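Visitor: The structure under discussion is supplied below as C-alpha cells; questions concerning it will follow.
The values are calculated or read from the model by the stated rules, or taken from the named source; none is laboratory data. None of the values given here were measured: they were computed from a predicted structure. Every residue, glycine among them, receives a Cβ derived from its backbone with ideal geometry; neighbour counts consider all protein chains shown.
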Amino acid sequence: MNGSAENRASDATEKSGRREIVLNLGTARRMLPLVARIVGDLTNCQQRLDCLVPELETLDRKRHSLAWPQRERRYQVRDEVTEQERLLRNAHAELEQLGVAVIDTRQGRIGLPTVVNGHLAFFSWLPGDEGIRHWHFAGETVRRSIPTSWKDTGDVRLLGKS
C-alpha cells in the first residue's frame, strides 16, 4: 500500500460528473457508526421485502378468486412493498451520497472506497464485524485483513471532476 489507505469509488461517479470519494482508513473508521445505522435500515428493508414479495406474488396470482379479506390483505401487502422499496432506495441513496458502495444488500456488506497500490479497492465491512478490519479490490469477493502497517492518518480526498 502506498502511504495512507486510499481508494476510488465506482465508475458511476465519472459518468455522473461527481467527484470520486477516496477514504483513508482513519476516515473510514470514523464514518462507520453512521454507515452501520444506514446499513441496518437497508438490510431490514430487504428482509421485509424478501418476506412480502412472495406473499404478494401469490395473492396476485389468485387475485380473481380472492374473498374480501384476502383482497384487503393484497392491497395492504402491495402498499407495504411500495413503502419498503422507497425506504430501500433512500438507504441506497444515503450510502451513495457518502461514497459507500453496497456490495451485498442482503448481507449488508459495504465497501468504503480507497486506493491500494494505485488500484480501486474498498475497506470491507459486514454487520457483526468489530470495526473495519478487511479490504478487497474492486470486483473481488475475497476479503483480506488490513495490514498493521496501514496508518490511520489523513482525511477524505476527492478525485476526478469537480
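Visitor: Among the candidates R89, R73, which residue alone is farther than 19 Å from V39 by Cβ and not in a strand (DSSP E or B)? Please lay out each step first, then the result.
Guide: On the way: R89 fails: farther than 19 Å from V39 by Cβ.
Unique residue meeting the criteria: R73.
Visitor: May I ask you to verify whether L59 is surrounded by 17 or more Cβ atoms within 10 Å (Cβ to Cβ) and under 30 Å from L34 (Cβ atoms)?
Guide: Values: surrounded by 17 or more Cβ atoms within 10 Å (Cβ to Cβ): yes; under 30 Å from L34 (Cβ atoms): no.
No, not satisfied.
Visitor: Counting just the residues of the range 40-56 that are surrounded by 15 or more Cβ atoms within 10 Å (Cβ to Cβ) and more than 17 Å from the chain's Cα centre (by Cα), which one comes out nearest to R106 (Cα to Cα)? Please lay out each step first, then the result.
Guide: Here is the first cut: in the range 40-56, the ones surrounded by 15 or more Cβ atoms within 10 Å (Cβ to Cβ) are 41-46, 48-49, 52, 56.
Retained after the next criterion (residues that are more than 17 Å from the chain's Cα centre (by Cα)): 52, 56.
On the way: L52: 15, L56: 19 Å.
The qualifying residue nearest to R106 (Cα to Cα) is L52.
Visitor: Does L34 satisfy the criteria of being at pLDDT 95 or above, surrounded by fewer than 17 Cβ atoms within 10 Å (Cβ to Cβ) and assigned to a helix (DSSP H, G or I)? Let's see the steps before the verdict.
Guide: On the way: at pLDDT 95 or above: yes; surrounded by fewer than 17 Cβ atoms within 10 Å (Cβ to Cβ): yes; assigned to a helix (DSSP H, G or I): yes.
Considered against the rule, which asks whether it is at pLDDT 95 or above, surrounded by fewer than 17 Cβ atoms within 10 Å (Cβ to Cβ) and assigned to a helix (DSSP H, G or I), L34 comes out as yes.
Visitor: Does the range 66-83 contain at least one residue that is touching a Ser or Thr at 6+ places or on another chain (Cβ under 9 Å) and surrounded by 12 or more Cβ atoms within 10 Å (Cβ to Cβ)? Outline the logic, then answer.
Guide: Step one: of the range 66-83, the residues touching a Ser or Thr at 6+ places or on another chain (Cβ under 9 Å) are none.
No, the range 66-83 has no match at all.
Visitor: Another one. What is the residue count in the range 92-125 for residues that are among the aliphatic types (A, V, I, L, M), in a helix (DSSP H, G or I) and in contact with a strand residue (DSSP E or B) (Cβ under 8 Å, 6 or more places away or on another chain)? Talk me through it step by step, then tell me what you get.
Guide: Initially, the range 92-125 is screened for residues among the aliphatic types (A, V, I, L, M), giving 93, 95, 98, 100-103, 110, 112, 115-116, 120-121.
With in a helix (DSSP H, G or I) added as a condition, the list becomes 93, 95.
Right, trim to in contact with a strand residue (DSSP E or B) (Cβ under 8 Å, 6 or more places away or on another chain) and you get 95.
Qualifying residue count, the range 92-125: 1.
Visitor: If we scan the range 145-153, do we find a residue that is surrounded by 14 or more Cβ atoms within 10 Å (Cβ to Cβ) and modelled with pLDDT under 95? Quick ask: steps written out before the conclusion?
Guide: Step one: of the range 145-153, the residues surrounded by 14 or more Cβ atoms within 10 Å (Cβ to Cβ) are 146, 150.
After this cut, where a residue has to be modelled with pLDDT under 95 as well, the list is 146, 150.
So far as the range 145-153 goes, yes, one or more of its residues are surrounded by 14 or more Cβ atoms within 10 Å (Cβ to Cβ) and modelled with pLDDT under 95.
Visitor: I've got another one for you. Pull up the range 11-25, narrow it to residues that are surrounded by 17 or more Cβ atoms within 10 Å (Cβ to Cβ) and part of a helix (DSSP H, G or I), then point me to the one that is modelled with the highest pLDDT. Steps first, please.
Guide: Narrowing the range 11-25 to residues surrounded by 17 or more Cβ atoms within 10 Å (Cβ to Cβ): 13, 18, 20-25.
Filter again for part of a helix (DSSP H, G or I), leaving 13, 25.
Working: T13: 40, L25: 93.
For the range 11-25, the residue satisfying everything is L25.
Visitor: How many residues are in contact (Cβ under 8 Å) with a residue 60 or more places away in the chain and crowded, with 22+ Cβ neighbours inside 10 Å if we restrict to the range 112-128? I'd like the intermediate steps shown before the answer.
Guide: Here is the first cut: in the range 112-128, the ones in contact (Cβ under 8 Å) with a residue 60 or more places away in the chain are 112-118, 120-123, 125, 127.
Now narrow it down to the ones that are crowded, with 22+ Cβ neighbours inside 10 Å: 112-115, 121-123, 125.
Adding up the residues that qualify gives 8.
Visitor: Does the range 51-73 contain any residue that is closer than 19 Å to G128 by Cβ, in contact (Cβ under 8 Å) with a residue 12 or more places away in the chain and not β-branched (V, I, T)?
Guide: Initially, the range 51-73 is screened for residues closer than 19 Å to G128 by Cβ, giving none.
So far as the range 51-73 goes, no, none of its residues is closer than 19 Å to G128 by Cβ, in contact (Cβ under 8 Å) with a residue 12 or more places away in the chain and not β-branched (V, I, T).
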